[in-house]
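Take a look at the structure below.
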Amino acid sequence: MDNETEMIRRILQETGDTWAVVGLSTNRSRAAYGVAEVLQRFGKRVVPVHPKAEPVHGEQGYASLAEIPFPVDVVDVFVNSELAGGVADEAVAVGAKAVWFQLGVVDEEAYERTRAAGLEMVMDRCPAIEIPRLG
């Protein structure tokens with residue numbers, strides 16, 4: 001098993017069950033909405049993070065990671081690559097254990113900063129695709 005595959009497995013199975021999904025809104029046509037459903041079926045608590053702070057999938061939404069009043073294990077990032085590095089930095093600041101950049105979200109410098117801070121990180125992958133691969 002390569003290092004990235006092992007990191008994906010650890011994040012999905014061992015890192016914790018509270019996932020902040022940045023970019024999750026009530027818009028059912030967005031990828032974040034469907035991926036959040038998959039995460040919930042996999043046993044994860046999904047916390048919506050979106051400027052509107054609206055409830056999604058039965059969970060209260062928050063406008064930012066800093067506003068979440070409880071620990072977050074994984075920050076799943078559904079914003080464009082230009083904004084993703086800032087979200088990764090916020091994840092470090094709030095004490096998350098891992099950061100997951102979704103398909104198409106790439107920021108090599110943010111990856112290096114996040115890993116240097118001691119967090120696990122996956123980039124340009126989707127947990128809804130990776131979960132079935134766990135077997």
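The values are calculated or read from the model by the stated rules, or taken from the named source; none is laboratory data. Given the structure is predicted, the values throughout are model-derived calculations rather than measurements. All Cβ positions, even for glycine, are placed from backbone atoms using ideal geometry, and neighbour counts span all protein chains on display. Ligands, DNA and RNA are stripped out before the accessible areas are found, and what is left, the full protein with its side chains, is counted by its heavy atoms. Shrake-Rupley method; radii C 1.70, N 1.55, O 1.52, S 1.80 Å.
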Quiz item: Filtering segment 87-112 down to residues that are without any contact (Cβ under 8 Å) to a residue 40 or more places away in the chain and charged (D, E, K, R), which residue is surrounded by the most Cβ atoms within 10 Å (Cβ to Cβ)?
Solution: D107
Practice problem: Scan segment 1-32 residue by residue and report those that are among the basic types (K, R) and under 17 Å from E54 (Cβ atoms). | Solution: R28, R30
Quiz item: List the pairs whose first member sits in segment 43-64 and is among the acidic types (D, E), whose second member is part of a loop (DSSP other than H, G, I, E, B) and open to solvent by 40 Å² or more (accessible area, probe 1.4 Å), and whose Cβ atoms are under 7 Å apart, counting only residues at least 6 apart or on separate chains?
Solution: E54/T26
Practice problem: For segment 71-86, indicate whether the set of residues that are on the phi < 0 side of the Ramachandran plot, surrounded by 22 or more Cβ atoms within 10 Å (Cβ to Cβ), in a helix (DSSP H, G or I) and polar (S, T, N, Q) is non-empty. | Solution: no
Exercise. Scan segment 42-56 for residues that are in contact with a helix residue (DSSP H, G or I) (Cβ under 8 Å, 6 or more places away or on another chain) and over 24 Å from L134 (Cα atoms) and jot them down.
Key: P48, V49, A53, V56
Self-check item: Selected residue [within 16 Å of G16 (Cα to Cα) and either part of a strand (DSSP E or B) or in contact with a Gly (Cβ under 6 Å, 6 or more places away or on another chain) (or both)] from V46, V38
Solution: V46
Quiz item: What are the pairs, 6+ residues apart or on separate chains, where a residue within segment 6-30 that is assigned to a strand (DSSP E or B) has its Cβ under 8 Å from a residue that is open to solvent by 60 Å² or more (accessible area, probe 1.4 Å) and charged (D, E, K, R)?
Solution: T18/R45; W19/R45
